[in-house]
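Participant: Next up is a structure, given as structure tokens.
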Amino acid sequence: MTNKQLIFQEIEEIPEQKLAKILDLIRVFKSTIKLAENSYKPIWEIADEIINDIPDHVFDQLPSDGAENKDWIKNTV
């Protein structure tokens, strides 16, 4: 017997007036599943969002070659 069939079997034994609470619980559970599925973002999208919040004048202050200017970066952070 599948889980769905077992759930239906159990629901058949519950009085009608109590089923509203179960229906609410199922709807809440479904909404949390949808939120969890939609909450994943690839790392590059997160990086883009962070970078978009940085003003252009901050980028203008960065050295063109961070490897050559690692001490400058270390001292400004």
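Participant: Check off (1) modelled with pLDDT of 90 or more; (2) part of a helix (DSSP H, G or I); (3) β-branched (Val, Ile, Thr) for ILE33 and give me the number that stays unchecked.
Facilitator: For ILE33, the failing item is (1).
Participant: Hey, among the residues in segment 62-75 that are assigned to a helix (DSSP H, G or I) and surrounded by fewer than 10 Cβ atoms within 10 Å (Cβ to Cβ), which one's modelled with the lowest pLDDT?
Facilitator: LYS74
The values are calculated or read from the model by the stated rules, or taken from the named source; none is laboratory data. Computed from a prediction, not measured in an experiment: that's the story for all the values here. We place every Cβ from the backbone using ideal geometry, glycine too, and count neighbours over all the protein chains shown.
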